[in-house]
1. Check the straight Cα-Cα distances from Lys78 and name the aspartates and glutamates below 20 Å, setting aside those fewer than 8 residues away within the same chain.
2. How much net charge surrounds Ala61 when only the other residues with a Cβ under 13 Å from the Cβ of Ala61 are counted, with Lys and Arg +1 and Asp and Glu -1?
3. Please go through the stretch 100-173 and write out the GluC sites (Glu not before Pro) that DSSP classes as loop and that have at most 16 other C-beta atoms within 10 Å.
4. Separation between the Asp110 and Tyr206 pseudo-spin-labels, each 7 Å from Cα along Cα→Cβ, expressed in nm?
5. Ranking Thr132, Thr51 by Cβ neighbours within 10 Å, fewest first, what do you get?
6. Which links in Lys129/Lys205; Lys128/Lys204; Lys181/Lys205; Lys106/Lys128; Lys89/Lys128; Lys20/Lys89 stretch past 19 Å when you go from one Cα to the other?
7. Suppose each label sits 7 Å from its Cα in the direction of the beta carbon; what would the Gln49-Lys119 distance come out to in nanometres?
8. So, in Å, what gap is there between the alpha-carbon centers of the stretch 186-207 and the stretch 58-128?
Amino acid sequence: MDFYYLPGSAPCRSVLMTAKALGIELNKKLLNLQAGEHLKPEFLKINPQHTIPTLVDGDFALWESRAIMVYLVEKYGKTDSLFPKCPKKRAVINQRLYFDMGTLYKSFADYYYPQVFAKAPADPELFKKIETAFDFLNTFLEGHEYAAGDSLTVADLALLASVSTFEVASFDFSKYPNVAKWYANLKTVAPGWEENWAGCLEFKKYFS
Ligand SMILES: N[C@@H](CCC(=O)N[C@@H](CS)C(=O)NCC(=O)O)C(=O)O
């Protein structure tokens, strides 16, 4: 399977960790966004939305990291442990995935991207949204070792890619003890953590 990506990109890293957890070898294809490779006609034919990560499995192309993660588990997982078939468990995982995309990672992008990519001043109102998102995550994790219960799922891998990106932005987790504990554990148990962290360090270069 071809996988268009960049190592520093959080959504790409979450898919890489999922592939690692499933023992899938992806044919990685670097796509240089700064050089505009994602806007070339040959890539637009694959993904008209021109985002990475993008997966190509035979004649099937898919983008949106969380959709790719779920697809990989459903098509190639030997078990359903990363995305259990139980409707209630699955619903909670979906809730966490949508929270990650629409609230947590969004708060990162809204606050940090203008500073990093457009040298804009920090907006304290947007920082408050980050704090609110971390408060929510801290609450979700109360009494649970993992993001959606008591075992590792794709929700952890998506959230881990996001939270580790906050670490390279020097965000202070100390006010969120459940998040800090979950994160410390995930760093030791998440398949592909090393590659994720190497990607985070690539992204960190934008902060200097
Ligand atoms: N929600 C998407 C976000 C994908 C995304 O925005 N990727 C960025 C790189 S991190 C990108 O491809 N930007 C280029 C563009 O949007 O044209 C996902 O999770 O896959």
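Please treat every number below as a calculation from the coordinates, not as lab data. In this text, all values refer to a predicted model and were calculated from it rather than measured experimentally. Cβ atoms come from the backbone with ideal geometry, glycine included; neighbour counts cover every protein chain shown.
1. Glu25, Asp57, Asp150, Asp156
2. -3
3. Counting only loop positions with at most 16 other Cβ atoms within 10 Å, the GluC sites (Glu not before Pro) in the stretch 100-173 are Glu142, Glu145.
4. Here the answer is 1.7 nm between the modelled labels.
5. Listing Thr132, Thr51 from fewest to most nearby Cβ atoms yields Thr132, Thr51.
6. Checking Cα-Cα distances, Lys129/Lys205; Lys128/Lys204; Lys181/Lys205; Lys89/Lys128; Lys20/Lys89 exceed 19 Å.
7. Inter-label distance under the simple model: 3.3 nm.
8. Taking the Cα centre of the stretch 58-128 as reference, the centre of the stretch 186-207 is 16 Å away.
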